[in-house]
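Report on the following structure.
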Amino acid sequence: MLKKPVIIESTLYRFFTNSEDEAYYLTAILNSSVLDELIKPMQAKGFTGAERHIHKKPLEFPISKFNEDNELHIQLSELGKKATKKAYRILQSVLKRKGYDGKLRKRGTLVPTEVANLRTAIREELREELEEIDCRSQAALGFNDIRKS
């Protein structure tokens, strides 16, 4: 049984591991803009033209199995952990600043646009950590700079 609340936007995919380091490594890579840029051409778009529903697309790219002897994997794991802890720490203040705390109390959920706005606000707060994650994810995935100049 889950001890903490879970927010699911549309679909939940689960991965089981006995390694917290592996979980944070995958969290870092899956939240990198490197994978985001790679999936953009394949991503579904809503009626407003906004991207949505990445589903399993990131898994089509060469994400290496976590290796506890790989320094780059360890660095990504540590960055994933740092970003996750910071996101948890700032979540309530971002919800309040956006006025979503009241909507959550009243409705028990956020609409997709609110979830997207919340995600954007949190990513802005994590900009420094995400830049480090992007740099290391790019190296871990074996790509040169794929982001638009």
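Here are a few things to note about the model shown:
- Just so you know, in segment 115-146 the residues that are small (Gly, Ala, Ser) and in contact (Cβ under 8 Å) with a residue 40 or more places away in the chain include one that is farthest from Ser32 (Cα to Cα), and it is Ala116.
- One residue from Ile63, Ile133 being of a type in the set (Val, Ile, Thr) and assigned to a loop (DSSP other than H, G, I, E, B): Ile63
- Residue, farthest from Asn31 (Cα to Cα), within segment 105-118, restricted to residues that are surrounded by 15 or more Cβ atoms within 10 Å (Cβ to Cβ) and of a type outside the set (Val, Ile, Thr): Leu110
- When Arg127, Arg123 are screened for being loosely packed, with under 12 Cβ neighbours inside 10 Å and closer than 25 Å to Ala23 by Cα, only Arg127 passes.
- The single residue among Asp101, Asp36 that is part of a helix (DSSP H, G or I), surrounded by 11 or more Cβ atoms within 10 Å (Cβ to Cβ), more than 17 Å from the chain's Cα centre (by Cα) and modelled with pLDDT under 95 turns out to be Asp101.
- First in segment 60-72 and closer than 13 Å to Thr17 by Cβ and of a type in the set (Phe, Trp, Tyr), second anywhere and modelled with pLDDT of 95 or more and outside any loop (DSSP other than H, G, I, E, B), Cβ under 6 Å, 6 or more apart: Phe66/Glu22; Phe66/Tyr25; Phe66/His73
- Condition check for Phe66: of a type in the set (Phe, Trp, Tyr), at negative phi, in contact with a helix residue (DSSP H, G or I) (Cβ under 9 Å, 6 or more places away or on another chain) and modelled with pLDDT under 90: no
The values are calculated or read from the model by the stated rules, or taken from the named source; none is laboratory data. Fair warning: this is a prediction, and the values are worked out from it, not measured in the lab. Please note: Cβ atoms are built from the backbone with ideal geometry, for glycine as well, and neighbour counts cover all protein chains shown.
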